[in-house]
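In what follows, a single structure is set out as structure tokens and then discussed.
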Amino acid sequence: MRRLFLAFLFLSAAFLPARADTIFVLNSGDASISVIDAVAREEIRRIPVLREVHHLVVTPDGRELVVGDSGGNELLFLDPVSGEVLRRLRISNPYHLEFSPDGRHFVVASLRRNQVDIYDAATLELQQRLRHPGMPSHIAFSPDSQWAYVTLQGRGQVAAIEMASMTTAWVQDVGPEPAGIIWHRGRLLVGLMGRDDFVALDPETRAVTTAFRVGRGAHNVFPSPDGRFLYATSRVESRIAEIDAETLEVRRIFEVAGGPDCIAFDPDGRIYATLRWIGRVLILDPATGDHAQVRVGRSPHGIFVMPRRPGVGADFALRMPGAASGPRPMELALAEQADAPTRVNAAPGR
């Protein structure tokens, strides 16, 4: 009997994930990073920072999580598995940050200092600084890495930066207080915090049209890992909208108190959203509608899910169909690139 019991335990363990996924949450009002156990749904530790963290991004190789401490003028490089702080780097006001899809450039939007900085991704040596009065807010790239697009929150504009020359090619009016921006099927989707809608900006013609409406304080939009949906946040109306990625039709609205801001996904498609005004993280299963909340620090902003499952790494989102959209879109998902004899042509970046 004892042998049967031990065999049962062994077989049960073999079919369970090795560990719970880990969630990193940037508490911009508490100078800290909360670390959450996704199974227990509770905060297990806090990582102190200098002053004010807002956004984060995983390195192209998936080995480091880069956190921008904009108030402390510092980057923190974390081990996404252990949460250990590997190194720190002094840098000017890193508010929003993204790597180019080809992994060559690292671009930082400095909202307070009205500048966009372009770094060499391998050495983190500053290559160019572009002055942009108007509060540079969020960054998105074209899939071919030839263009970076930055929302200018204070001026209601989007700036297009040609990466080869590292110069601003054009600036386009889009509407009041643009914030989140992503590349999606040849167009840019931009959230207007001063209105209730997202607009679509054609980078070829620079035409601006209404894409969809989500509610007052339209803020940011995120593609699901499977590429079928987009999820957009409204901070003032306090909603998360599910958008059909093909038609841009609003399919469902999740009413979420607390001002949803940034979103991350786990490999099962569950949504993790920071609730900016109430110091919590929402866990939402869009398939069932089940939801829960976890208390974190004040004013949580950026969020990242680190899968703790066999064969899944920190770059899992870039290996899914959803990698075709987003701030760092891929011409092909990473899993497909290894098998592709040639790279597909990207949509035009201008």
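The values are calculated or read from the model by the stated rules, or taken from the named source; none is laboratory data. Everything numeric here is computed off the predicted structure, so don't read it as measured data. Cβ coordinates were reconstructed from backbone atoms using ideal geometry, including for glycine residues, and neighbour counts include every protein chain displayed. Just the protein is used for accessible areas: all its heavy atoms, side chains included, with ligands, DNA and RNA removed. Shrake-Rupley method; radii C 1.70, N 1.55, O 1.52, S 1.80 Å.
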If the requirement is being touching a Ser or Thr at 6+ places or on another chain (Cβ under 8 Å) and open to solvent by less than 30 Å² (accessible area, probe 1.4 Å), which of these qualifies: 281, 294? 281
Pick from the range 237-250 the residues that are under 20 Å from the mean Cα position of the chain (by Cα) and open to solvent by 10 Å² or more (accessible area, probe 1.4 Å): which of them is farthest from residue 182 (Cα to Cα)? 238
Filter the range 231-251 down to the residues that are part of a loop (DSSP other than H, G, I, E, B), over 13 Å from residue 277 (Cα atoms) and not hydroxyl-bearing (Ser, Thr, Tyr) and list them by number. 245, 246, 248, 249
Given the residues 227, 180, 215, 194, which is the only one that is assigned to a loop (DSSP other than H, G, I, E, B), out of contact with any Leu (no Cβ under 6 Å at 6 or more places or on another chain) and within 23 Å of residue 136 (Cβ to Cβ)? 194
Considering only residues of the range 255-276 that are among the hydrophobic types (A, V, I, L, M, F, W, C) and surrounded by 19 or more Cβ atoms within 10 Å (Cβ to Cβ), which is farthest from residue 55 (Cα to Cα)? 256
If a residue must be part of a helix (DSSP H, G or I) and within 15 Å of residue 145 (Cα to Cα), how many such residues does the range 319-333 contain? 2
For residue 206, the lone unmet condition from (1) open to solvent by less than 10 Å² (accessible area, probe 1.4 Å); (2) at positive phi is (1)
Kindly state which strands (runs of 3 or more DSSP E) lie completely within the range 28-103 and contain at least 3 residues that are open to solvent by 50 Å² or more (accessible area, probe 1.4 Å). 42-48, 85-90
Considering every residue within the range 288-302, establish whether at least one is farther than 23 Å from residue 67 by Cβ, free of Cβ contacts under 8 Å to residues at least 60 places away in the same chain and small (Gly, Ala, Ser). yes
State yes or no: is residue 169 surrounded by fewer than 22 Cβ atoms within 10 Å (Cβ to Cβ), in a strand (DSSP E or B) and at pLDDT 95 or above? yes
Among the candidates 201, 188, 152, 126, residue that is open to solvent by less than 10 Å² (accessible area, probe 1.4 Å), without any contact (Cβ under 8 Å) to a residue 40 or more places away in the chain and farther than 22 Å from residue 304 by Cα: 152
